[in-house]
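Asker: Structure below; questions to follow.
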Amino acid sequence: MTPTTDVREFVVNQRNGVKGLVDSLKLTALPSPYIQPPQERLTSDKILSSPSQIPVIDVSNWNDPHVASEICHAAAKLGLFQIVNHGITPAELKALIAAARGFFELPAEERRRYWRGSSVSETAWLTTSFNPYKENVLEWRDFLKFEFLPQRHGFDATWPPVCKEQVTDHFKRMKPIANNILTILMNNLNSTINESSQRTLMGTMRMNFNYYPQCPEPSLAIGTGRHSDINTLTLLLQEDGVLSSLYARATEDGENWAHVPPIPGAIVVNIGDVLQIMSNDRYRSVEHCVLVNKSCSRVSIPVFCGPVHDSVIEPLQEVLENNEMARYRKVVYSDYLKDFFERPHDGKTSIESIKF
C-alpha cells in the first residue's frame, strides 16, 4: 500500500480512516498523501516561548463583574481562553474521554457502520481528515460527529452504545455554560439574548470526537489544518497530559503561534466567525491548528454552538448605533457553511470573503 492512490483508497474509499491505516501497517515513514507542503508546517521558530499567552478564567461565579470583564477582554484580544471551576467534575470529563477512546478502539467493521454517507445514525457520522475529497494533502485525524436535536432532548438511540450516554450528558452540561458565556459577550455589546437571537447564537449544537493517532513523522504532518471555527462559540475538552498539540495564532496579522496547554478539568473556549461578524470585529475568531505526536495518540472533544441554517448573519444594530460602518456583508448561514466545507482548511478565507 505504498502508492498514493492505494493509501487514499484504503483510508477514504474503503472507510478505514487513518486509525485503520495505523492499525494495519507498522509505519516508519509518513505516507505521501499526508506530507504537508513546507509553508503549512508549524515550525518551532513560529511558536512563542512564553507559557502564559492563554488566559485561564475561574468561572465559579458567573455573576462576578470581574469574570465578565476577563471573558470579554480575552474574546477581543486573542479570541481564545480557558475556563475552570465551571461545574463539570473531573470524573465526568474523564468518562467522556474514555468513551471517545472506546469508540476508536472498536473493531474497524464496527466503526465503519457510522461512516459518513452510509451511517446507521442520522445524527452521528464518522469521517477522516477534513474534506478528503477536496484536499490535495490529508490531515492526520479521524472524527466522529454528533448533532444535538432539541426535540429528542439530545439523546439518539442510534448513537454508538459505547458512548451515547456520555455524549448525551455532555451536551446537556455544556449548554448552560455556553449560554452563560454568550450572555456575557452579548451584554458587552449592549445586546441581549431573546428567542430570536438564541436561534442565531446557539440554535444548533454539535460535538466531535477527534482522534489523532500516533504519527511516524509528526513534523511533516498536521492533525487539523489552520482555520477559524465558523460557528459562534466552541468549547473544547483536551485530553490531559498530551502537550504540544493545540496552537492558536497569537496575532491577527503575524506568523506567531501560542501553545494552548491541556489543563486538567479546564475547557478551552474559542470565538467563532459568527461572533466576529456580529460584533463587527469587537471580538476575534481565532485561527488555530493541531499538531500530532510520535509517541502517543490524542483525543479532543469540541462542542460547537452555532446558528440554525436559515439565520442571516450580519453586524448587530447595537454595535452600529453611532454611525459605525458595517465591515461585513449579510450572509445566510447555510451559504457560509457551504463555502467553508467546499475547500480544505485555509485560515480565515471564509470570513475574509464577506468583508466589505
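The values are calculated or read from the model by the stated rules, or taken from the named source; none is laboratory data. Keep in mind that this is a model prediction, so the values were computed, not measured. Every residue, glycine as well, gets a Cβ built from its backbone with ideal geometry; the counts of neighbours run over all protein chains shown. Keep in mind that these areas ignore ligands, DNA and RNA; they rest on the heavy atoms of the full protein, side chains included. Shrake-Rupley method; radii C 1.70, N 1.55, O 1.52, S 1.80 Å.
Asker: With +1 on each Lys and Arg Cβ and -1 on each Asp and Glu Cβ, how big is the dipole of the chain about its Cα centre, in debye rounded to the nearest 20?
Answerer: 580 debye
Asker: If you line up the long axis of helix 90-104 against the longest principal axis of the chain, both from Cα atoms, how many degrees apart are they, to the nearest 10?
Answerer: Helix 90-104 sits at roughly 40 degrees to that axis.
Asker: If you find the alpha carbon centre of region 248-290 and of region 301-356, how far apart are they in angstrom?
Answerer: Computed from Cα coordinates, the inter-centre distance equals 16 Å.
Asker: Let me ask something else about it. Tell me, what is the per residue accessible area of the chain in Å², probe radius 1.4 Å?
Answerer: Per-residue value: 44 Å².
Asker: Check residue 313: other-chain or 5+ apart residues with amide H under 5 Å from its amide H, H built from backbone geometry?
Answerer: 331, 332, 333
Asker: Report the residue, chosen from 127, 158, 224, that carries the largest GNM mean-square fluctuation when the chain is represented by alpha-carbon nodes joined by springs under 10 Å.
Answerer: 158
Asker: Using 1/(1 + (r/R0)^6) with R0 = 41 angstrom and r between the beta carbons of residue 335 and residue 84, what's the FRET efficiency to the nearest 0.05?
Answerer: For R0 = 41 Å, the calculated efficiency reads 0.65.
Asker: How much of the accessible area of region 212-356, in percent, comes from carbon and sulfur atoms when a 1.4 Å probe is used?
Answerer: Here it works out to 50 percent.
Asker: Which whole-Hz couplings ³J(HN,Hα) result when phi for each residue of region 327-342 is put into the Karplus expression 6.51 cos²θ - 1.76 cosθ + 1.60, θ = phi - 60°, listed in order with x for Gly and Pro?
Answerer: Working through the residues one at a time gives 9, 9, 6, 6, 8, 6, 4, 4, 5, 5, 4, 4, 4, 5, 7, 8 Hz.
Asker: So what does log10 I(q)/I(0) come out to for region 106-192 at q = 0.14, 0.15, 0.18 Å⁻¹, using the Debye formula with one equal point on every Cα and no solvent?
Answerer: Debye output, listed in q order: -0.67, -0.73, -0.88.
Asker: So what are region 35-104's ellipsoid semi-axes, whole angstrom, largest first, if each one is the square root of 5 times an eigenvalue of the alpha-carbon gyration tensor?
Answerer: 29, 24, 10
Asker: Let me know the volume per residue of the alpha-carbon convex hull for region 100-153, in Å³.
Answerer: 105 Å³
Asker: Projecting each Cα onto the charge dipole of the chain (Lys/Arg +1, Asp/Glu -1 at the beta carbon, about the Cα centre), which of 283, 69, 7 comes out farthest on the positive side?
Answerer: The one lying farthest along the dipole's positive direction is 7.
Asker: Multiplying the sequence separation of residue 46 and residue 296 by 0.36 nm and subtracting their Cα-Cα distance, what value in nm do you get?
Answerer: Computed gain between residue 46 and residue 296 is 87.7 nm.
Asker: Bin width 20 Å, origin at 0, all Cα-Cα pairs of the chain: what percent of pairs per bin?
Answerer: So the P(r) values, bin by bin, are 30, 61, 9, 0.
Asker: While we're here: How much length is gained if the chain between residue 198 and residue 317 is pulled fully straight, taking 0.36 nm per residue apart and subtracting their Cα-Cα distance, in nm to one decimal?
Answerer: That works out to 41.2 nm of additional length.
Asker: Now a separate question. With contacts defined as alpha carbon pairs under 8 Å and 6 or more residues apart, what's the relative contact order of region 55-353 in percent?
Answerer: Relative contact order for region 55-353 comes out at 22 percent.
Asker: Farthest toward the dipole's positive end in the chain, which of 211, 257, 42, given Cβ charges of +1 (Lys, Arg) and -1 (Asp, Glu) about the Cα centre?
Answerer: Of the options given, the answer is 211.
Asker: Give me a comma-separated list of calculated 3J(HN,Hα) values for region 189-201, in order, Karplus coefficients 6.51, -1.76, 1.60 applied at θ = phi - 60°, integers in Hz, x for any Gly or Pro.
Answerer: Per residue, the Karplus-derived 3J(HN,Hα) values read 9, 6, 10, 10, 9, 10, 4, 5, 5, 4, 5, 7, 7 Hz.
Asker: Pull up all non-local amide H partners of residue 226: gap of 5 or more, or a different chain, and H-to-H distance under 5 Å with H placed in the peptide plane.
Answerer: Distant-sequence amide H within range of residue 226: 347.
Asker: Just going by the charge dipole of the chain, with Lys and Arg at +1 and Asp and Glu at -1 on Cβ, which of 354, 31, 96 is farthest out on the positive end?
Answerer: The listed residue farthest towards the positive side: 31.
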